[in-house]
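Engineer: Have a look at this one.
Readers should treat all values here as calculations from the given coordinates under stated rules, not as data from a laboratory. All values derive from a computational prediction rather than experimental measurement. Glycine gets a Cβ as well: all are built from the backbone with ideal geometry, and neighbour counts include every protein chain shown.
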Amino acid sequence: KAGVTQTPRYLIKTRGQQVTLSCSPISGHRSVSWYQQTPGQGLQFLFEYFSETQRNKGNFPGRFSGRQFSNSRSEMNVSTLELGDSALYLCASSLSSGGFDEQYFGPGTRLTVT
Amino acid sequence: GDSVTQMEGPVTLSEEAFLTINCTYTATGYPSLFWYVQYPGEGLQLLLKATKADDKGSNKGFEATYRKETTSFHLEKGSVQVSDSAVYFCALGSDTNAGKSTFGDGTTLTVKP
């Protein structure tokens, strides 16, 4: 069974631009969560989608948004990029939306904002 | 809210040494507990999990026991190898927080030959 895939793996953007990251979950998994990982803040939860509905959201500004498609693939969008948005963005999928299930992570998208 | 506290790192050990990484948690209700491992340039991989009190999770020689009375989930391995060098994250998940795992800060383990 194929794992979680994320595209692109690396991205360099300029401050003020916007960016879209993509995540394909493991086949059969309907829950997709997004995390931001930085050396200073560690792993911070962005949001979670299940069956095309956002079920949970972390404490990030409205510039961070996401969506999920009927095939469970998910995209995350960041508008008006700031230098502080430079991070590794990780996508994770799981069978259910409940927190009891383990999550399967993709390799991440490394975003650098200059 | 939920929180996870891991022992401060980094940890450096010689090959075949005993490993303990401490993890304590705060949560409402009865969360599931996880250990994830992250190798350089990769995402996180599930190492082991436990879903109720006194459960022991184990994988690849690593073990951790869900201790409700001390709210702990310490990771142990009897004999580490150079290939175990990575960052280890303790995490919890609960049904009151859909799709969200709460992570500790991570502990960097370096094993020297």
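Engineer: Listed residues B:104, B:78, B:99, B:41; which is of a type in the set (Gly, Ala, Ser), within 9 Å of another protein chain (Cβ to nearest Cβ) and more than 27 Å from residue B:1 (Cβ to Cβ)? Can you show your working first?
Structural biologist: Working: B:104 fails: more than 27 Å from residue B:1 (Cβ to Cβ); B:78 fails: within 9 Å of another protein chain (Cβ to nearest Cβ); B:99 fails: more than 27 Å from residue B:1 (Cβ to Cβ).
The match here is B:41.
Engineer: Another question, then. Go through the range A:34-114 and tell me which strands (runs of 3 or more DSSP E), entirely inside it, have 2 or more residues that are away from chain B (no Cβ under 12 Å), touching a residue at least 60 places away in the same chain (Cβ under 8 Å) and surrounded by fewer than 20 Cβ atoms within 10 Å (Cβ to Cβ).
Structural biologist: Working: elements: A:42-50, A:53-57, A:64-68, A:74-78, A:87-94, A:109-113.
Correct list: A:109-113.
Engineer: Does residue B:20 qualify as being more than 10 Å from every other protein chain (Cβ to nearest Cβ) and either closer than 18 Å to residue B:110 by Cβ or not in a strand (DSSP E or B) (or both)? Give the derivation first.
Structural biologist: On the way: more than 10 Å from every other protein chain (Cβ to nearest Cβ): yes; either closer than 18 Å to residue B:110 by Cβ or not in a strand (DSSP E or B) (or both): yes.
Against the criterion (more than 10 Å from every other protein chain (Cβ to nearest Cβ) and either closer than 18 Å to residue B:110 by Cβ or not in a strand (DSSP E or B) (or both)), residue B:20 qualifies.
Engineer: Within the range B:87-113, track down each residue that is at negative phi and among the small types (Gly, Ala, Ser). Step through it out loud before you land on a result.
Structural biologist: Start the filter on the range B:87-113 by keeping residues that are at negative phi, which leaves B:87-98, B:100-105, B:107-113.
Scanning the range B:87-113 gives B:91, B:93, B:94, B:98, B:101, B:104.
Engineer: Out of the residues in the range B:56-75 that are in a strand (DSSP E or B) and within 14 Å of chain A (Cβ to nearest Cβ), state the one that is surrounded by the most Cβ atoms within 10 Å (Cβ to Cβ). It would help to see each step written out before you state the result.
Structural biologist: First, the residues of the range B:56-75 that are in a strand (DSSP E or B): B:56-59, B:62-65, B:67, B:72, B:75.
Now restrict to residues that are within 14 Å of chain A (Cβ to nearest Cβ): B:57, B:59, B:64.
Details: B:57: 21, B:59: 13, B:64: 26.
Filtering first and then ranking leaves B:64.
Engineer: Now for a separate question. Just to be sure, is residue B:92 facing another protein chain (nearest Cβ under 10 Å), part of a strand (DSSP E or B) and over 21 Å from residue A:41 (Cβ atoms)? Outline the logic, then answer.
Structural biologist: Details: facing another protein chain (nearest Cβ under 10 Å): yes; part of a strand (DSSP E or B): yes; over 21 Å from residue A:41 (Cβ atoms): no.
When the stated conditions are applied, residue B:92 does not pass them.
Engineer: So, in the range B:81-96, how many residues would count as being hydroxyl-bearing (Ser, Thr, Tyr), surrounded by fewer than 22 Cβ atoms within 10 Å (Cβ to Cβ) and closer than 19 Å to residue B:8 by Cβ? Don't jump to the end; show me each part of the working.
Structural biologist: Start the filter on the range B:81-96 by keeping residues that are hydroxyl-bearing (Ser, Thr, Tyr), which leaves B:83, B:85, B:88, B:94, B:96.
With surrounded by fewer than 22 Cβ atoms within 10 Å (Cβ to Cβ) added as a condition, the list becomes B:83, B:85, B:94, B:96.
Checking the rest, the ones that are also closer than 19 Å to residue B:8 by Cβ come to B:85.
So the count comes out to 1.
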